[in-house]
Each structure stands twice: as structure tokens, then as C-alpha cells.
Amino acid sequence: MAIALAHMPAAFAEPATALPSVLVTANPLGNADLAGASTVLQGQALLWRDATTLGEVLAGQPGVASTSFGPGASRPVLRGLDGDRIRLLQNGIGTLDASALSYDHAVAQDVAGVERIEVVRGPAALLYGGSAIGGVVNALDNRIPKTRIDGPTGRVRTEYGGAASERLLAGQLETGNGDYALHVDGFNRRSRALRIPGHAWSPRQRAGLGSYAPPEHEHGHEGGDGEDHPHEAHADPAQGTLPNSDSRAWGGAVGLARTWEDGHLGVSVGSYRSNYGSIAEEAVRLKLKQDRLALSFAKDGLAGPLTRLQADLAYTDYRHQELHGREVGSTFKHNGHEGRIEARHAPLAGADGIIGLQFGQRRFSALGEEAFIPDTDTDQLALFALEQWQLRAVQLSIGGRVDLSRVEPDDAGNRRFAGMRDRSFTTGSLSAGLVAPLAQGWSLAGQLAYTERAPSQYELYANGQHVATGTFERGDPDADEERATSIDAALRYQAGATRLSLGAYYGRYANFIALASTGRWCHSHGDHDHCGTERHEGESPEYRYRGVPAKLYGLEFDSSWRLLDGADKVDLLVWGDITRGANRATGEPLPRLAPVRIAGALVYSQGPWSVRGELQHAADQTKIPAGDTPTDGHTVSNIAVGYRFRQGASDWLAYLRGDNLGNEEIRYASALTRDIAPQGKRSARIGLQVVF
């Protein structure tokens with residue numbers, strides 16, 4: 001589903017309980033006009049994009065793609081950047097899972113309980129540190145109520161269908177007496193194996209020319225990396241369904257808050273569980289659990305130099321196991337806390353602004369033969385500030401942040417990680433942005449930023465076979481900070497229900513930390529490994545993290561045009577994007593970039609009825625690095641019909657959604673597994689939501 005869903009006409013609007021459209025992630029000062037690029041999904045627009053993973057929910061937004069490691073695991077890709085360059089937040093605090101470490105690791109969050117998702121692309125996310133060098137995705141819920149609640153309210157949603165015959169049941173109940181508020185939510189989602197329109201393997205993979213060597217062929221069969229040692233041709237192991245792609249996820253939360261007219265103090269306890277198959281290893285399942293304790297406080301109307309104070313803290317206990325039948329192959333644990341304090345000051349020399357402190361401590365451990373990074377302890381402390389001036393009609397903002405971090409590895413007696421030393425980093429970021437009105441609804445927005453990112457623990461200390469990706473990875477213990485200078489500009493128009501945004505961006509990276517092939521083949525066995533220039537059975541191609549000069553640039557277009565107004569409303573939505581990136585030293589394209597994409601939708605609404613028809617087109621992606629494989633273009637058609645009615649004191653919404661009506665074979669260029677796992681076939685989904 002495309003950006004069309006983010007801008008539904010009035011008939012699609014959520015009841016009055018919906019959250020206001022203020023991007024607090026991009027600008028904690030709450031301004032509607034933002035210098036950077038951003039997208040909001042909430043209400044019915046979010047409901048109709050429902051999917052099993054966060055990456056699939058957001059795929060198709062301008063500048064947003066998906067890693068899509070099958071239906072069970074995917075993260076968003078923003079402007080060609082993923083992993084530790086994209087900061088995933090839950091109510092402004094890091095999710096603290098292991099999804100950035102490997103493409104087969106799921107994000108420990110389901111959108112069934114989320115009320116709003118904010119996507120901030122590029123340097124507008126500066127206040128969240130170097131790990132947000134590519135952007136921020138912030139999922140907001142009301143697990144800690146922040147406003148007064150009088151009496152019970154809630155919602156129940158059930159949904160069935162899709163290419164994986166998915167079943168979802170989700171509910172939420174909130175009640176209060178005006179002073180105290182209680183929130184309870186829960187969900188249960190089950191999916192069968194994903195039905196696909198043809199072969200699981202692409203024609204190139206079946207011919208032995210694909211870029212992905214499934215791990216089962218890395219151990220005991222001939223294979224290769226598709227560059228110097230192409231695969232031996234194999235028969236396609238599956239048609240019609242994607243093996244080991246079924247999944248189950250369930251969870252919920254309880255929150256309690258004391259609320260005032262000018263603030264709140266609350267706590268919540270939440271749990272998330274999932275069990276899903278690895279599409280790269282048919283005998284492997286991933287069992288994930290996360291428990292999260294969150295605290296939140298905010299107070300407005302303070303006397304003195306500060307007018308508002310907000311503090312958020314979360315402690316997370318995360319673990320996932322990779323199961324080979326009933327045997328545990330490896331276990332990943334990630335425990336820690338993160339806190340953030342923001343203080344808004346009174347106007348000072350014409351400036352309105354905030355100052356803040358962020359701190360955190362994480363303990364990561366990897367156990368088992370397939371663990372390819374050592375245990376690490378990471379401590380972080382950051383100071384940041386954002387100031388804003390209104391200079392006549394022009395809005396000017398300046399922000400900065402300094403991060404201190406220390407990473408301490410522990411070899412735990414494993415010789416592969418022996419001798420690795422502690423690393424400390426001091427990184428800084430600066431940005432300046434403006435929004436200037438032109439005439440008759442037109443405005444110009446721009447932002448210039450410099451950002452530094454400390455290398456992650458896997459970029460520093462990886463040393464072993466990464467089974468899910470079919471590679472042998474080695475980190476660089478001496479790696480320096482990644483540095484980027486970025487510029488972002490957009491021309492915008494707004495007049496009633498009609499709006500348009502045409503933007504461009506360019507990022508120049510020094511020491512861009514990338515995985516590069518060494519030309520060797522390696523195999524790890526216990527606490528040691530064997531490498532050579534010729535491949536032997538069970539070995540994987542060796543890749544090493546190293547800094548290279550790089551550039552990323554592109555265009556983004558987003559628009560909504562009201563063609564007919566009145567009792568009958570018709571809106572035309574058109575959007576598209578172009579993402580380009582290259583190694584500046586060699587000119588070689590960066591890997592897994594989304595192709596040129598364009599989409600359009602017609603949305604009709606009349607009374608309780610709403611209908612949307614949509615076309616999305618993705619071009620061929622042939623701008624790829626050596627050893628990678630291209631992807632073919634596709635055109636996807638979708639349709640959705642909704643009927644809203646009132647029964648007593650409840651609002652009901654019944655909807656029917658049809659996806660990929662032309663039964664296209666869709667392989668995301670941004671997905672590592674594109675040669676062995678396409679997206680789902682033609683499908684229908686029916687749902688019912690009751691709000692009371």
C-alpha cells in the first residue's frame with residue numbers, strides 16, 4: 001500500500017479520540033512546519049497498512065523501503081540506509097532489540113497496538129544521535145496515558161486474510177476518573193506460510209547466478225557468492241508457497257498514570273513474544289521475547305526559566321533463540337535501559353528552544369556456535385539542544401548534539417574474540433534549517449547538517465560465520481567514526497485539501513562503514529577459523545567492515561489533489577522517489593538500493609462508503625555493485641473498500657482489501673533475500689473494527 005493511505009479524505013477520518021498531527025519526533029517544539037522530510041501514519045491510514053512487520057507497514061512511503069527477510073522479519077530502509085543507521089523508537093525511547101544486527105532478526109514490536117508512526121528522514125532526526133544518521137521511526141502508543149480520561153473507552157479489531165491467511169485479534173481498553181487513567185491492550189497474530197505467485201527462487205538463482213547462497217547450501221553442498229564462484233544450478237526447492245514462512249506473535253501491556261491538565265506521571269509494563277521461521281534455513285525457527293518497563297513524566301506551565309519538563313525512561317529485557325528443531329543453536333540477549341530528559345525554556349533573545357540529556361546502558365550477549373560477535377557492554381551519554389527563531393515570516397532552527405559512548409567486549413574464553421580492546425567515542429552533530437513562505441500557499445524548506453556516528457559493536461568486533469546472510473564477517477576493531485554532511489531541500493504547496501511536496505537531498509559520507517569482499521573463503525569451528533583463497537565445503541565468502549567514501553542522493557515527490565468536493569469527494573494522490581548511492585572512490589553503486597518508484601491512487605468517499613484504487617510501479621534495478629544481482633520491475637494494483645456505521649454508542653468500520661490483484665512477482669531490490677523469497681501473491685483481506 002502506498003502513501004495514498006497516509007492522506008485519506010474526511011470520510012476516512014478516525015473518531016475524535018485520534019492523536020493530533022504534530023511531529024514531536026522531528027521537532028519537540030511541536031511546530032507543524034518542519035525543515036526536514038517526514039511522514040505520519042495514524043488512524044485508518046495506519047489500520048489499512050497493517051502487516052506482520054514494521055518494515056512491511058512502512059514500505060512504499062516516499063524514501064522508505066524494506067529489508068524484507070520474509071514475512072517474519074523486516075526493518076524499514078530510509079533513503080538507502082538501514083541497520084544501525086536507522087533509529088527505531090517506541091514513544092521516543094530505543095526499542096533495544098537485536099534487529100539491527102542481522103536481517104533475519106525481527107523488530108520486537110507489532111503495530112496492532114500502535115496509534116501513530118512518525119517517520120523522519122535524513123538530518124531532521126539529528127536530536128536522536130548518530131544512530132539516526134539516516135532517520136528515525138517512532139511508534140507511539142498510549143500505554144502511559146498522557147491526558148485525562150473520564151469513563152471507559154476502547155476498541156476491538158479482528159482481521160483475516162492476506163497471502164499468508166493471517167488472523168489478527170487486537171483490543172484496547174482505557175478508563176479513568178479524570179485524575180487517574182488505566183490502559184490495557186493486547187493482540188494475537190497468526191500467519192500461515194506465505195503464498196507466492198510462482199517459484200520461490202528467481203530465474204537467476206535457479207540458473208546458479210543469484211547473489212544469495214542459502215545457508216543450507218553453505219554447509220555440505222556446492223555453492224558460491226555469484227561473483228568469482230557462481231552457484232551450481234539447482235532445482236527450485238519450492239513453488240506456490242514460501243517454506244518456513246509461518247509466524248505467530250502475541251503480547252500486550254498495562255499502564256497506569258496520574259494525569260493533570262498540565263502534565264502526567266505514569267508507568268507501563270509490556271510484553272512481546274513471537275515465533276517465526278527463517279526463510280533462509282528451512283529447519284530453523286526464531287523464538288523471541290521482550291519485556292519492557294517504561295516510565296514517563298511531563299509538566300507544563302513551570303515558573304522561571306523553564307516552561308516545560310519531560311522525562312522518559314525504559315528498561316528492556318530482550319532474548320531470542322534460534323532453534324534447530326528442539327535444539328538451541330544460538331541465543332542473543334540484549335538488556336539495558338535508556339532515558340531522555342527534555343526541558344523547554346522560556347523565550348530567550350527571541351529564541352524558543354529545548355535542551356536535553358540522554359543516557360543509556362546496554363548489555364549484549366551472544367551464545368552458541370553461530371554467535372559471530374562477542375559479548376559487549378555499551379554506555380552512552382548525550383547532550384543536545386534545539387533553538388528556533390521566527391524572523392518575520394521565516395522560521396529558522398539550529399540544533400546540536402554531543403554523544404559520549406564506550407564499548408567493552410568480553411571474549412568469554414573464545415579465542416576468536418581474544419585481544420579485542422575497549423573503544424571510546426566522542427561524536428557530534430550540528431544542523432541548521434529554515435522554512436520560508438513564498439506566495440499563495442507555497443513555501444521553501446531546507447536543512448544543512450553534519451552528523452557523526454560511532455561504529456556499532458558488530459562493525460567493530462564481528463568475527464565469524466553469519467549464517468543467515470551466508471557470509472563470514474570480520475569487523476574493524478580500529479574503525480573510526482562515520483561522518484556525513486547532508487543537505488535537504490523541498491518546495492511545498494498547501495491549499496485546503498490539496499498539497500504538494502517536491503524534495504531533493506544529497507549526503508556526502510567520509511568513512512562510510514561498509515562490508516566489502518576480501519576474495520577469501522572462511523569457515524569457523526568453535527573458537528577458531530580456517531580461511532583460504534579457494535573454496536572448500538562448508539566455507540563462506542569473507543567480508544570485512546571498512547570505511548569508504550560514499551554519497552547518497554535522491555528525489556522525493558508527494559502530492560494530494562482534491563478533484564471533487566462536496567457530498568461526493570474524490571482525491572488523486574501521486575507520489576514517487578529516486579534513490580541513488582555510490583562509493584565515491586570507485587564509482588560502484590551501493591548495495592540494496594530501491595529502484596525508481598512511482599504510484600498513484602484515486603480515493604472516493606460518499607457518506608459511510610469509501611473506495612480506493614491504487615497502482616504502484618517499481619522500475620528495474622540494474623544499478624548494483626559487483627557480485628550482486630538486478631531485480632525486475634513490477635506494477636502492483638491494490639483496491640480497498642470501507643463502510644463505516646454507528647451502532648448505539650459505538651463506531652463500526654468494516655473493510656475489504658485486495659492486494660497485488662495482477663498477481664505480480666515482486667522482489668524488493670532492498671531485500672538481501674530477493675533471489676530466494678518474493679512477496680506474496682494476489683490476496684484479499686477482510687476486517688472489522690469497533691470503537692466505543
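The values are calculated or read from the model by the stated rules, or taken from the named source; none is laboratory data. Every value quoted in this text rests on a predicted model; they were computed, and no experiment measured them. Positions of Cβ are generated from backbone atoms using ideal geometry, with glycine treated the same way; all protein chains shown enter the neighbour counts.
Exactly one residue among Leu381, Leu396 is among the aliphatic types (A, V, I, L, M), closer than 16 Å to Gly336 by Cα and at pLDDT 90 or above, and that residue is Leu381.
Sub-6 Å Cβ pairs linking a first residue in segment 560-582 that is under 30 Å from Arg79 (Cα atoms) to a second residue that is of a type in the set (Ser, Thr, Tyr) and part of a strand (DSSP E or B), at least 6 apart or interchain, are Trp561/Thr498; Arg562/Thr498; Asp571/Ser560; Leu573/Ser560; Val574/Ser559; Arg580/Tyr553, ordered by first then second residue.
Scanning segment 436-467 for residues that are in contact with a Ser or Thr (Cβ under 6 Å, 6 or more places away or on another chain) and of a type in the set (Val, Ile, Thr) yields one hit, Thr451. Inclusion of Thr533 among residues that are among the β-branched types (Val, Ile, Thr) and closer than 28 Å to Glu370 by Cβ is warranted. Taken over segment 517-569, residues that are out of contact with any Pro (no Cβ under 7 Å at 6 or more places or on another chain), farther than 22 Å from Asn414 by Cβ, of a type in the set (Gly, Ala, Ser) and surrounded by 13 or more Cβ atoms within 10 Å (Cβ to Cβ) amount to 5. Being under 28 Å from Ser610 (Cβ atoms), within 16 Å of the chain's Cα centre (by Cα), hydrophobic (A, V, I, L, M, F, W, C) and buried (at least 24 other Cβ atoms within 10 Å of the Cβ) is a description that does not apply to Ala26.
Here's the yes/no breakdown for (1) crowded, with 18+ Cβ neighbours inside 10 Å; (2) assigned to a strand (DSSP E or B):
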site	(1), (2)
Arg292	yes, yes
Ser296	yes, yes
Ala303	no, no
Leu309	no, yes
Ala314	yes, yes
Asp317	no, yes
Asn335	no, yes
Glu338	yes, yes
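Exactly one residue out of Asn663, Asn638 is on the phi > 0 side of the Ramachandran plot and either aliphatic (A, V, I, L, M) or touching a Lys or Arg at 6+ places or on another chain (Cβ under 8 Å) (or both), and it is Asn663.
This table checks each residue for (1) surrounded by 15 or more Cβ atoms within 10 Å (Cβ to Cβ); (2) free of Cβ contacts under 8 Å to residues at least 12 places away in the same chain; (3) in contact with a helix residue (DSSP H, G or I) (Cβ under 6 Å, 6 or more places away or on another chain); (4) under 21 Å from Ala567 (Cα atoms).
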| residue | (1), (2), (3), (4) |
| --- | --- |
| Ala599 | yes, no, no, no |
| Val603 | yes, no, no, yes |
| His617 | yes, no, no, no |
| Asp620 | no, no, no, no |
| Asp628 | yes, no, no, no |
| Ala649 | no, no, no, no |
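The single condition from (1) part of a strand (DSSP E or B); (2) of a type in the set (Asp, Glu); (3) modelled with pLDDT under 95 that Glu370 fails is (1). Looking at segment 152-184, which of its residues are surrounded by fewer than 20 Cβ atoms within 10 Å (Cβ to Cβ), under 14 Å from Gly113 (Cβ atoms) and within 24 Å of the chain's Cα centre (by Cα)? Answer for segment 152-184, where residues must be surrounded by fewer than 20 Cβ atoms within 10 Å (Cβ to Cβ), under 14 Å from Gly113 (Cβ atoms) and within 24 Å of the chain's Cα centre (by Cα): Arg157, Leu169, Gly171.
Scanning segment 420-433 for any residue that is over 29 Å from Glu338 (Cα atoms) and not in a strand (DSSP E or B) turns up nothing.
For segment 428-466, name all the residues that are closer than 29 Å to Ala35 by Cα, touching a strand residue (DSSP E or B) at 6+ places or on another chain (Cβ under 8 Å) and hydrophobic (A, V, I, L, M, F, W, C). Those that are closer than 29 Å to Ala35 by Cα, touching a strand residue (DSSP E or B) at 6+ places or on another chain (Cβ under 8 Å) and hydrophobic (A, V, I, L, M, F, W, C): Leu430, Ala432, Leu434, Val435, Ala436, Leu438, Trp442, Leu444, Ala445, Leu448, Ala449, Ala454.
In the set (1) in contact with a strand residue (DSSP E or B) (Cβ under 8 Å, 6 or more places away or on another chain); (2) at pLDDT below 90; (3) of a type outside the set (Phe, Trp, Tyr), Ala349 fails one condition alone, (1). Number of residues in segment 461-519 that are in contact with a helix residue (DSSP H, G or I) (Cβ under 6 Å, 6 or more places away or on another chain), part of a loop (DSSP other than H, G, I, E, B) and more than 19 Å from Ser131 (Cβ to Cβ) equals 2.
Every condition in (1) of a type in the set (A, V, I, L, M); (2) touching an Asp or Glu at 6+ places or on another chain (Cβ under 8 Å); (3) under 21 Å from Tyr103 (Cα atoms) is met by Leu242 except one, and the failing one is (2). Scanning segment 197-215 for residues that are crowded, with 22+ Cβ neighbours inside 10 Å, aliphatic (A, V, I, L, M) and in contact with a Gly (Cβ under 8 Å, 6 or more places away or on another chain) gives a single hit, Ala213.
Being under 27 Å from His105 (Cα atoms), surrounded by 23 or more Cβ atoms within 10 Å (Cβ to Cβ) and of a type in the set (Gly, Ala, Ser) holds for only one residue in Gly464, Gly413, and it is Gly464.
Exactly one residue out of Ala594, Ala601, Ala550 is closer than 30 Å to Ala516 by Cβ, in a strand (DSSP E or B) and modelled with pLDDT of 95 or more, and it is Ala550.
The set of residues from segment 319-333 being crowded, with 16+ Cβ neighbours inside 10 Å and over 26 Å from Leu381 (Cα atoms) comprises His320, Gln321, Glu322, Leu323, Gly329, Ser330, Thr331.
Which ones in segment 643-692 are of a type in the set (Val, Ile, Thr) and not in a strand (DSSP E or B)?
Ile666, Thr673, Ile676
Quick check on Glu281: is it over 15 Å from Thr95 (Cα atoms), touching a residue at least 12 places away in the same chain (Cβ under 8 Å) and in a loop (DSSP other than H, G, I, E, B)? Against the criterion (over 15 Å from Thr95 (Cα atoms), touching a residue at least 12 places away in the same chain (Cβ under 8 Å) and in a loop (DSSP other than H, G, I, E, B)), Glu281 qualifies.
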